[in-house]
Structure formats: structure tokens, C-alpha cells
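The next block holds one structure in the form of C-alpha cells; read it before the comments.
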Amino acid sequence: MAEQKPTNLNITAKPEDLKGVYANMSIIASTPSESRIDFIYNDHAPSPDSQAPSYLVSRVILSHSQLVALAKALNEHLDKNPGLTGR
């Protein structure tokens, strides 16, 4: 297999996207062709009906190979930064 050379990416973002979003929960679902990660903000403030409102703040749809690459990158990041989780 030929070695892949790094690609330089020129990524642009709208100013409103640079601030990011806060999520304290995520849900992962898959179909035979792709995986989806929903990032959710769950508001823990009490409400009259005792249900905490939750809001979808972002949805990311990935191929299965990209999901595996993301999982690997996240695990490597956590392994390199043990203070983040007490690992």
C-alpha cells in the first residue's frame, strides 16, 4: 500500500461557528451505511412537569471508518492527558 502524504487543509468557518456549542450529553446511532452523533444540552433546572428540557445542539454524520478514526483519536488524546479523566 502506498504511503499517504499529509494534506494541507485550508479550513474556513463562519464567525458564529467559531464560538462552538456546549453539550453535556451525546447519543450515537448507526445505520448500515453511516453513524450519527447527536450532541445534546440537557438543562438540569427544575421544571413544573419534572422533566428536564433537552436540546439538540449539533448533529454530526460520519462514515463508519471516520467514526473508528474519531474513537482512536479521542482515546489517544485521553491517554496523553490523564488528568482530564483520572485515567
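Tabulated values for the structure
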item	result
Looking only at region 29-51, and only at residues there that are touching a residue at least 24 places away in the same chain (Cβ under 8 Å) and either farther than 21 Å from Ile61 by Cα or not in a loop (DSSP other than H, G, I, E, B) (or both), the one that is farthest from the chain's Cα centre (by Cα)	Ser30
Members of region 29-51 that are within 25 Å of Asp17 (Cα to Cα), of a type in the set (Gly, Ala, Ser) and either surrounded by 12 or more Cβ atoms within 10 Å (Cβ to Cβ) or modelled with pLDDT under 95 (or both)	Ser35
Options Ser54, Ser26: the member that is modelled with pLDDT of 95 or more, under 18 Å from the mean Cα position of the chain (by Cα) and hydroxyl-bearing (Ser, Thr, Tyr)	Ser26
Qualifying residue in region 8-17 (condition: outside any helix (DSSP H, G or I), loosely packed, with under 10 Cβ neighbours inside 10 Å, among the basic types (Lys, Arg) and free of Cβ contacts under 8 Å to residues at least 12 places away in the same chain)	yes
Output for region 18-28, where each listed residue is part of a loop (DSSP other than H, G, I, E, B) and either of a type in the set (S, T, N, Q) or closer than 22 Å to Leu67 by Cα (or both)	Gly20, Val21, Tyr22, Ala23, Asn24
Hits in region 59-75 - residues which are exposed (fewer than 12 other Cβ atoms within 10 Å of the Cβ), of a type outside the set (Ser, Thr, Tyr) and either touching a residue at least 40 places away in the same chain (Cβ under 8 Å) or more than 11 Å from Ala29 (Cβ to Cβ) (or both)	Ala71, Lys72, Ala73, Leu74, Asn75
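The values are calculated or read from the model by the stated rules, or taken from the named source; none is laboratory data. Quick caveat: nothing in here was measured; it's all calculated off a predicted structure. Don't worry about glycine lacking a Cβ; one is built from the backbone with ideal geometry, like all the others, and counts go over all protein chains shown.
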